[in-house]
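Shown next, in C-alpha cells, is the structure this report addresses.
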Amino acid sequence: MMNFPEKKHITKAEINELPMQAYEGPIHLYNTPDEADAAAKKLLNETLLGFDTETRPAFRKGESYDPSLLQLATENEVYLFQIQQCGLTPNLLKVLSSPKIIKAGVAIDRDISELQAMAPFEANGFIELAVPAKEARIKNLGLRGLTAILFGFRISKKEQVSNWARQELTPSQQTYAATDAWLGRIIYLAFKKNGLVG
C-alpha cells in the first residue's frame, strides 16, 4: 500500500497543495434506537473499526455539548450513529467495551470520556494513533497531518464546526464524518504493516 514515510513533518502550506480526497463508499445513518442497536449487533463481528465522534461546536464560554455523532468504519462501510437521537444502545456499548474489537482513531481520549458521561461503559480495545506516530518520529499527530504524510492527500475540514446536533445531517456532513472514521482504520493498518501496532 505504501512505503513507510521518510518525511516526518509537513507544513500547512504543503498540505494545502495536496489533492483532496474523501471516503467514497457506503454510509449508513442511524437515528432510532432499534435500527442503531441492530446495526451495532453486526459490528460485534468486526475485529477492527475506525473510530471518531462529532460534537456540536460551542462558541460561548462555559457552553458545552454531548457528542452528537458516533462514527465506526469497517473495511467496506461506515456507520454513523446520531446518538443524540438513538442513544448509546446496549449493542453499541458492547462494541465500545469489547477488547476483541480494535477501535482506532486520533485524539480519542476526550471522545471516550464524553461518551462515558452519556452512558457508563468500560472502554476496551481503543488505539490512539498518535502513539505509533510518535514512535515513527512523525511530527504531525493530527488526522489531517497523518493523512497527508502517510497517503499524500488532504481532507476537507469545512464541516468541522458545523451543527452536528441537526436532526438531518447534510450529505457533506455525512461524507466528512465518514472520512474521519475511515482514515482511523486505514492509518492503523498502515502502522500495523510497518510493525508499529499489534
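The values are calculated or read from the model by the stated rules, or taken from the named source; none is laboratory data. Remember, predicted model here, so these are calculated numbers, not experimental data. Glycine also receives a Cβ, built like all others from the backbone with ideal geometry; neighbour counts cover every protein chain displayed.
Quick grid of which residues meet (1) among the basic types (Lys, Arg); (2) touching a residue at least 60 places away in the same chain (Cβ under 8 Å); (3) touching a Lys or Arg at 6+ places or on another chain (Cβ under 7 Å):
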position: 43; (1), (2), (3): no, no, no
position: 49; (1), (2), (3): no, yes, yes
position: 77; (1), (2), (3): no, no, no
position: 81; (1), (2), (3): no, no, no
position: 125; (1), (2), (3): no, no, yes
Residue that is modelled with the lowest pLDDT [pool: residues in region 164-183 that are among the aliphatic types (A, V, I, L, M) and more than 13 Å from the chain's Cα centre (by Cα)]: 165
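Being assigned to a loop (DSSP other than H, G, I, E, B) and surrounded by 15 or more Cβ atoms within 10 Å (Cβ to Cβ) is the filter; apply it to region 92-120 and report the residue that is farthest from the chain's Cα centre (by Cα).
Filtering region 92-120 for residues that are assigned to a loop (DSSP other than H, G, I, E, B) and surrounded by 15 or more Cβ atoms within 10 Å (Cβ to Cβ), the one farthest from the chain's Cα centre (by Cα) comes out as 98.
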One residue from 102, 112 being without any contact (Cβ under 8 Å) to a residue 40 or more places away in the chain, in contact with a strand residue (DSSP E or B) (Cβ under 9 Å, 6 or more places away or on another chain), within 15 Å of residue 71 (Cα to Cα) and not polar (S, T, N, Q): 112
Hits in region 152-198 (condition: without any contact (Cβ under 8 Å) to a residue 60 or more places away in the chain, among the acidic types (Asp, Glu) and under 21 Å from residue 108 (Cβ atoms)): 159
Members of region 7-27 that are surrounded by 15 or more Cβ atoms within 10 Å (Cβ to Cβ) and part of a strand (DSSP E or B): 27
Given (1) farther than 15 Å from residue 22 by Cβ; (2) without any contact (Cβ under 8 Å) to a residue 60 or more places away in the chain; (3) surrounded by 21 or more Cβ atoms within 10 Å (Cβ to Cβ), index of the condition residue 147 fails: (1)
Residue count, region 10-37 (criterion: out of contact with any helix residue (DSSP H, G or I) (no Cβ under 6 Å at 6 or more places or on another chain), within 24 Å of residue 168 (Cβ to Cβ) and in contact (Cβ under 8 Å) with a residue 12 or more places away in the chain): 5
Segments classed as strands (runs of 3 or more DSSP E), wholly inside region 44-89, with at least 2 members that are farther than 18 Å from residue 118 by Cα: 48-55, 78-81
Sole exception among (1) touching a strand residue (DSSP E or B) at 6+ places or on another chain (Cβ under 9 Å); (2) more than 24 Å from residue 89 (Cβ to Cβ) for residue 196, by number: (1)
Number of positions in region 128-173 that are more than 30 Å from residue 65 (Cα to Cα), in a helix (DSSP H, G or I) and of a type in the set (Lys, Arg): 1
Conditions (1) buried (at least 16 other Cβ atoms within 10 Å of the Cβ); (2) touching a helix residue (DSSP H, G or I) at 6+ places or on another chain (Cβ under 9 Å); (3) hydroxyl-bearing (Ser, Thr, Tyr); number of the one not met by residue 156: (1)
